[in-house]
1. Could you list all residues from region 22-68 that are over 17 Å from Tyr12 (Cα atoms), small (Gly, Ala, Ser) and not in a helix (DSSP H, G or I)?
2. Identify all residues within region 12-21 that are assigned to a strand (DSSP E or B) and free of Cβ contacts under 8 Å to residues at least 12 places away in the same chain; write none if there are none.
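Every read-out reported here was derived from the displayed coordinates using simple, explicitly stated rules and does not represent laboratory data. Since the model is a prediction, treat every value here as computed from it, not as a measurement. Cβ coordinates were reconstructed from backbone atoms using ideal geometry, including for glycine residues, and neighbour counts include every protein chain displayed.
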Amino acid sequence: MPDFSVAVNGRYIVVSKPNGLSVTYRKQGGVLVAPQLWRTRPNAQQLNFYVRAWKAACAKARSLGWIY
């Protein structure tokens, strides 16, 4: 996704956009989790970002062999 930045830092994948939205996923077993999202109530713009960020993070995790 061209408007996203996807970075890998150890067992973390950080997906961010230039407008300041970002989410950090961590590898936990065979899945990716983003604990900070459990404590928020996203608005429509944030929710759209989180859905697209999840797809980008999963694609990156698959390319790294973290998930299948």
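1. Across region 22-68, there are no qualifying residues.
2. Passing the criteria: only Val14.
Here is a yes/no grid of residues against (1) among the acidic types (Asp, Glu); (2) in contact (Cβ under 8 Å) with a residue 12 or more places away in the chain; (3) surrounded by 15 or more Cβ atoms within 10 Å (Cβ to Cβ):
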residue: Phe4; (1), (2), (3): no, yes, yes
residue: Gly10; (1), (2), (3): no, no, no
residue: Pro35; (1), (2), (3): no, no, no
residue: Asn48; (1), (2), (3): no, no, no
residue: Lys55; (1), (2), (3): no, yes, no
